[in-house]
Amino acid sequence: MEYLPLFVRMQGKKALLIGNNETLTRKHTLLKSAGMEIYLVGDAPCQELIELIDSGVIKKTADTYSENLLDNISIVVCSNEDSAIAQRVSNDAMARELPVNIVNNTELSSFIFPSVIDRSPIVAAVSSGGQIPVMTRILRNLVESTLPFAYGRLAQLSSSFRAKVNAQYPAINQRRRFWEKHLAGYFAELVFSGKDKEAEAYLEDVIGKESMSETGEVYLVGAGPGDPDLLTFRALRLIRQADVVVYDRLVSTPILELARQDAEKIHVGKERSNHTLPQEKINQLLVRLAKEGKRVVRLKGGDPFIFGRGGEEIEELAASEVPFQVVPGITAASGCSSYSGIPLTHRDYSQSVRFITGHLKDGSCDLPWQEFVTKGQTLVFYMGLTGLDVICSQLISCGMDRSTPLALISKGTTPEQKVLTTTVEDATEAVKSVELKAPTLIIIGEVVRLREKLRWFD
Ligand code: SAH
């Protein structure tokens, strides 16, 4: 950060404006709304400034600048077009360690004005460090349009209940939960619709009646196959508010970066046969963190309930009476199929789809192979790359046509996605010629041909 963002109390302090153009009237509005007294130095002021002087809002002190005019001043803003004067003002103010802004000149300024969204007491300030003001304005408009006007009133009303809430809910976790619930719930809705009296009565009524648990909560969140745009809104909201994020190898970095900067991030990654933390320990970790009052997001690649061992984790949470939620995610089969142009079903080629684990136990997959060899069915193997040879030979020995198309999709939906199309017969040889990185998904069936028909290019 090139500038330190601060909110400084300036009530009753003096600001000096130097210049005569309307830029100063805009600056004056902000300084005035922060409660400052405003003085002007400049000859032939523009019409807007004259009106402000006539109405007593701005006091004119001199026609020309001299250093002694900086005495007792707390902030200086200069829009003088004469660069020699701007340079002098900057030098003099900096020598006095006085905050100075020379309009449109970051070199000579010690501070810059941000774009402000004022919902006092809530104030948001946006800045591009003076580098690209248009972007600052766009961002400001974005924030402006998503912050209801009544936010200021909501903050004021809520703060008048703070002492009461603190007394009723002595533990910080309880208090936080109380406010999170009501600032996003019915109380806030009443304020937004202008029913302040009803809102007050409602809050008065619920304080103390609602028991706020000190135990945290665990959210088992499906993070999808990699592309952060594939997260659900609910996943995003929970990731943003989590105190702790427990994640594994499949969760992509851009998704992790959505968590709060101060959130603790615990990697419990599970490489094949190299479990960083055994499942049992992960289950216990989730329970312990929640009992400490934390809101824990357990991020799972894809969908937590599809080969994600989500069921085991919530069993332990339920047994320990820890509240939890499960948020579905886009499973690898859906993500990879869309991003590689291979529909999983198709009226002409496939009427059903089967998700299968290709994870080998002691070198073989104990699976009902015969059931897989049937017309009109797409097979999707998760965790199947290492066992590809076994998978293909089992299918062929159960009667699958050797020329059945097969696709391998590695790192699906990410910028590094790679797709290899081959056949059940040639797959083992074909993977030797390309480098496929984990995670890789295998799709087998006539639908694979559609990729070419759809002229899909990655
Ligand atoms: N719960 C996850 C699956 C976990 S099992 C889900 O619903 O997607 C791990 C397997 O998922 C990997 O071995 C691989 O086969 C598949 N997989 C997950 N993400 C993938 C991706 N981005 N590209 C290809 N395959 C992926």
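Please verify whether VAL296 is in contact (Cβ under 8 Å) with a residue 24 or more places away in the chain and farther than 25 Å from THR413 by Cβ, treating the condition exactly as stated.
yes
Let me confirm something: among THR29, THR106, which residue is surrounded by fewer than 19 Cβ atoms within 10 Å (Cβ to Cβ), touching a residue at least 24 places away in the same chain (Cβ under 8 Å) and closer than 22 Å to THR136 by Cβ?
Result: THR106 is the single residue among THR29, THR106 that is surrounded by fewer than 19 Cβ atoms within 10 Å (Cβ to Cβ), touching a residue at least 24 places away in the same chain (Cβ under 8 Å) and closer than 22 Å to THR136 by Cβ.
Might you check whether a residue that is buried (at least 17 other Cβ atoms within 10 Å of the Cβ), assigned to a loop (DSSP other than H, G, I, E, B) and not assigned by TED's automatic domain parsing to the domain that holds SER33 occurs anywhere in region 131-145?
No, region 131-145 contains no residue that is buried (at least 17 other Cβ atoms within 10 Å of the Cβ), assigned to a loop (DSSP other than H, G, I, E, B) and not assigned by TED's automatic domain parsing to the domain that holds SER33.
Report, by residue number, each residue of region 276-299 that is surrounded by fewer than 18 Cβ atoms within 10 Å (Cβ to Cβ), in a helix (DSSP H, G or I) and within 16 Å of the ligand (Cβ to nearest atom).
GLN279
Going by the conditions given, is ASP227 at pLDDT 95 or above and among the charged types (D, E, K, R)?
Criteria met by ASP227.
Starting from region 439-458, keep only residues that are touching a residue at least 12 places away in the same chain (Cβ under 8 Å) and over 20 Å from SER403 (Cβ atoms), then list their pairs with residues that are among the aromatic types (Phe, Trp, Tyr) and within 16 Å of the ligand (Cβ to nearest atom) whose Cβ atoms are within a distance under 7 Å, requiring at least 6 positions of separation or different chains.
So the pair list comes out as LEU441/TYR382.
Checking the condition of a type in the set (D, E, K, R), touching a residue at least 24 places away in the same chain (Cβ under 8 Å), surrounded by fewer than 16 Cβ atoms within 10 Å (Cβ to Cβ) and in contact with a Gly (Cβ under 8 Å, 6 or more places away or on another chain), which residue from GLU37, GLU81, GLU67 passes?
GLU81
Do we find a residue being part of a loop (DSSP other than H, G, I, E, B) and more than 13 Å from the ligand (Cβ to nearest atom) anywhere in region 265-275?
yes
Restricting to region 423-440, count the residues that are within 16 Å of the ligand (Cβ to nearest atom) and of a type in the set (Val, Ile, Thr).
Residues flagged as within 16 Å of the ligand (Cβ to nearest atom) and of a type in the set (Val, Ile, Thr) within region 423-440 amount to 3.
Does any residue of region 194-213 turn out to be closer than 30 Å to ARG298 by Cβ, touching a helix residue (DSSP H, G or I) at 6+ places or on another chain (Cβ under 6 Å) and either loosely packed, with under 14 Cβ neighbours inside 10 Å or without any contact (Cβ under 8 Å) to a residue 60 or more places away in the chain (or both)?
Within region 194-213 (the criterion being closer than 30 Å to ARG298 by Cβ, touching a helix residue (DSSP H, G or I) at 6+ places or on another chain (Cβ under 6 Å) and either loosely packed, with under 14 Cβ neighbours inside 10 Å or without any contact (Cβ under 8 Å) to a residue 60 or more places away in the chain (or both)), the answer is yes, since at least one residue qualifies.
Within region 78-107, which residues are in contact with a Ser or Thr (Cβ under 9 Å, 6 or more places away or on another chain) and among the β-branched types (Val, Ile, Thr)?
Answer for region 78-107, where residues must be in contact with a Ser or Thr (Cβ under 9 Å, 6 or more places away or on another chain) and among the β-branched types (Val, Ile, Thr): ILE85, VAL100, ILE102, VAL103.
The values are calculated or read from the model by the stated rules, or taken from the named source; none is laboratory data. If you're wondering where the values come from, they're calculated on a predicted model, not measured in any experiment. Cβ: placed from backbone, ideal geometry, glycine included. Neighbour counts: every protein chain shown.
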